[in-house]
Amino acid sequence: MSSDMSRTAQREAFLNKAGFGEAVITPFPGDASTRSYFRLQSGDQNVILMDAPGGAESPACPPLATPQERAALGYNAQARLAGNNTAAFAALANALTARGFSAPRIHAADIPSGFLVLEDLGDDLFARVIPDQHSELELYLAAAETLGAIYRSSFAAELEAFGSHWKVQAYDETALLAETELFLDWYVKERSKGIDEGDRERWLTAWRDVLPALEAHAPGLVLRDFHAENLLWLPGRDAEARVGLLDFQDALFGHPAYDLVSLLEDARRDVSPDIIAPVSNRFFDTAGLANRNAFDAATAILAAQRNAKILGIFVRLAKRDGKPRYLDLLPRVAAHFVRDISHPALEPIRAVVRDLAPTVFAEADQ
């Protein structure tokens, strides 16, 4: 029996046990992850099946692993990504819904096998309903309020779901630096020039110089992929529950500006410049933050960090994984990145980028 057939048999066995064996199954289109999703229709009930096979990605980060041990385990451990860990998704979903947020409720789970049956929150992704059905400003302000409410909420580091445990760790320097190195290893090498160890050390030293600015605000839960294709509009719900949350298994405790950056500097769609200030202000006020200058500096740093990572990931998806459509997104991300590093707090980064990746400035102008 092939591995594909074996996985199909496991999925069928899980659905039979969960009471969805007779459901009509419709697959969702694939994305950049190794997870698969299916809509199940059983009578009048619609639910979502998540199929996240174990072993499809490198291991997650053990809680007490050193930076050296994380490097040996691979990128997921370095960046503290959950990978295909359904325990992480289930534990975080339960923690979010318990606090009134609209993560999918979980109807059935087989954590060891990597299967979850989730509440179907519908199809009204922000990216689909803006602007024809709903105002971009209205939805983005609602998203900012949801982020502020998440930041004000208390989340335990040790979470549990269906007998499995998950530890939410810190978005630490090792994780942040590992993500920026994707820019060197993929974007610079493929679209600019070769690099040596001296170049890498200059890059990492520059980031170590600017990252301490993130300590100006207390950390909160950071979902890490908070953007228009992962957010659903649920106008029938109240307050922060109006924003449905889809992708949060990689959540860490980090600076509150990170998810705001994900929202406003979207790699896949142009966000109207007119809404940037009001949405940022709404988040700052809703989160109850202070010291706006420090917050703006941290926002620029995290925006540059995130966009450096995305530039690397999109080139990797195109070159290594045979998904050339991601190259079409590079000019938008490059424009974000170039604007981010123009902030005075990013001068050390800007100097290195001018030397190692001058092509990013040209790409930003496309």
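Residues in segment 38-55 that are surrounded by 13 or more Cβ atoms within 10 Å (Cβ to Cβ) and in a loop (DSSP other than H, G, I, E, B) were compared, and the one that is modelled with the highest pLDDT is ALA52. For segment 354-366, which positions are among the aliphatic types (A, V, I, L, M) and more than 24 Å from the chain's Cα centre (by Cα)? If the condition is that a residue be among the aliphatic types (A, V, I, L, M) and more than 24 Å from the chain's Cα centre (by Cα), then LEU356, ALA357, ALA362 are the ones that fit.
Please work out if LEU116 is farther than 23 Å from TYR140 by Cα, in contact (Cβ under 8 Å) with a residue 60 or more places away in the chain, touching a Ser or Thr at 6+ places or on another chain (Cβ under 6 Å) and not small (Gly, Ala, Ser). Yes; evaluated as a whole, the condition is true for this residue. ALA9 falls short of the stated requirement of being among the small types (Gly, Ala, Ser), modelled with pLDDT of 95 or more and assigned to a helix (DSSP H, G or I).
Within segment 126-147, being closer than 25 Å to VAL222 by Cβ, hydroxyl-bearing (Ser, Thr, Tyr) and free of Cβ contacts under 8 Å to residues at least 24 places away in the same chain holds for no residue.
For ASP238, indicate whether it is closer than 23 Å to LEU121 by Cα, in contact with a Ser or Thr (Cβ under 9 Å, 6 or more places away or on another chain) and surrounded by fewer than 23 Cβ atoms within 10 Å (Cβ to Cβ). Taking the combined requirement at face value, the residue does not satisfy it.
For ALA290, the criteria (1) at pLDDT below 95; (2) surrounded by fewer than 16 Cβ atoms within 10 Å (Cβ to Cβ) hold in every case but one, which is (1). What residue, among those in segment 157-196 that are of a type in the set (Ser, Thr, Tyr) and surrounded by 20 or more Cβ atoms within 10 Å (Cβ to Cβ), is nearest to ARG306 (Cα to Cα)? Ranking the qualifying residues of segment 157-196, first place goes to THR180. Restricting the first member to segment 226-240 and to residues that are closer than 19 Å to GLU119 by Cβ, and the second to residues that are β-branched (Val, Ile, Thr) and crowded, with 18+ Cβ neighbours inside 10 Å, the beta-carbon pairs closer than 6 Å and six or more apart or on different chains are LEU231/VAL243; TRP233/VAL129; GLU240/THR146. Any chance segment 63-76 includes a residue that's β-branched (Val, Ile, Thr), out of contact with any Lys or Arg (no Cβ under 9 Å at 6 or more places or on another chain), without any contact (Cβ under 8 Å) to a residue 24 or more places away in the chain and in a loop (DSSP other than H, G, I, E, B)? Yes, segment 63-76 has at least one match. Restricting attention to segment 62-117 and to residues that are under 22 Å from GLY220 (Cβ atoms) and among the aromatic types (Phe, Trp, Tyr), the residue that is surrounded by the most Cβ atoms within 10 Å (Cβ to Cβ) turns out to be PHE89. Residues that are surrounded by fewer than 24 Cβ atoms within 10 Å (Cβ to Cβ), within 17 Å of GLU145 (Cβ to Cβ) and either in contact (Cβ under 8 Å) with a residue 40 or more places away in the chain or within 20 Å of the chain's Cα centre (by Cα) (or both) within segment 272-283 comprise ILE275, ILE276, PRO278, SER280, ARG282, listed in sequence order. Only strands (runs of 3 or more DSSP E) wholly contained in segment 88-199 count here; list those with 2 or more residues that are more than 20 Å from the chain's Cα centre (by Cα) and more than 28 Å from ILE25 (Cβ to Cβ). In segment 88-199, the matching strands (runs of 3 or more DSSP E) lie at 158-161.
Taken together, ALA297, ALA213, ALA257, ALA267 contain a single residue that is modelled with pLDDT of 95 or more, in contact with a helix residue (DSSP H, G or I) (Cβ under 7 Å, 6 or more places away or on another chain), buried (at least 21 other Cβ atoms within 10 Å of the Cβ) and of a type outside the set (S, T, N, Q), which is ALA257. So the check is Cβ under 7 Å with 6+ separation or different chains; which pairs have a first residue in segment 331-358 that's surrounded by 15 or more Cβ atoms within 10 Å (Cβ to Cβ) and at pLDDT 95 or above and a second one that's polar (S, T, N, Q) and in a helix (DSSP H, G or I)? Sorted first by the residue in segment 331-358, then by its partner, the pairs are VAL333/ASN307; HIS336/ASN307; PHE337/ASN307; ASP340/ASN307.
The values are calculated or read from the model by the stated rules, or taken from the named source; none is laboratory data. Everything numeric in this text was worked out from a predicted model, so none of it was measured. Ideal geometry is used to build each Cβ from the backbone, glycine not excepted, and the neighbour counts take in all protein chains shown.
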